[in-house]
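I have placed the structure first, in the form of structure tokens, so that the comments after it can refer back to it.
The values are calculated or read from the model by the stated rules, or taken from the named source; none is laboratory data. In this text the structure is predicted, and so the values were computed from the model without any measurement. Heads up, the Cβs are rebuilt from the backbone with ideal geometry, glycines too, and the neighbour counts pull from every protein chain shown. Keep in mind that these areas ignore ligands, DNA and RNA; they rest on the heavy atoms of the full protein, side chains included. Shrake-Rupley method; radii C 1.70, N 1.55, O 1.52, S 1.80 Å.
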Amino acid sequence: MDEELKADLRRRLSKASGQVLGVNRMIDEDRYCVDVLDQIAATQKALDGVAKKVMRNYLQRSVTDAITGGDPLIYDELIDVIFRHH
């Protein structure tokens, strides 16, 4: 991963971490369940954004290099990754 991507991922993960702490605080404060669920959904969306960026990097770098290099095992790995994270 290049440094720019790492910085972006760290920023996104920091935001998601703050959202998780916010959910914890909301539960402690006995907040309305729908509000808690909305915050959980926002947290999941933030993590999904991180996962998409990591997946794109994996495809652009690891998968492309393996295919170019003629590694036949990359297809099995890619299928496993897709179905594990789908």
Expected unfolding gain across residue 1-residue 66 under the 0.36 nm per residue rule, minus the alpha-carbon gap, is 21.8 nm
All alpha-carbon distances of the chain, grouped into 10 Å bins from 0, give the whole-percent distribution 16, 34, 26, 16, 7, 1
Helix 33-58 sits off the longest principal axis of the Cα atoms of the chain, rounded to the nearest 10 on a 0 to 90 degree scale, by 20
In the neighbourhood of residue 71 defined by beta carbon distances under 11 Å, the net charge of the other residues (Lys, Arg +1; Asp, Glu -1) is -3
Whole-Hz Karplus couplings 3J(HN,Hα) for segment 21-28, θ = phi - 60° and coefficients 6.51, -1.76, 1.60, Gly and Pro as x, run 4, x, 4, 4, 5, 4, 5, 4
Taking Cα atoms only, helix 73-84 is inclined relative to the longest principal axis of the chain by an angle, in degrees rounded to 10, of 20
accessible surface per residue for the chain, probe 1.4 Å, DNA/RNA/ligands not counted, whole Å² -> 78
Per the helix-only model, the chain has a calculated mean residue ellipticity at 222 nm (DSSP H runs of ≥4, -39500 (n - 2.57) each, divided over all residues, rounded to the nearest 500) of -27000 deg cm²/dmol
Expressed as a percent, the accessible surface of the chain that is carbon or sulfur, using a 1.4 Å probe and the full set of protein chains, is 56
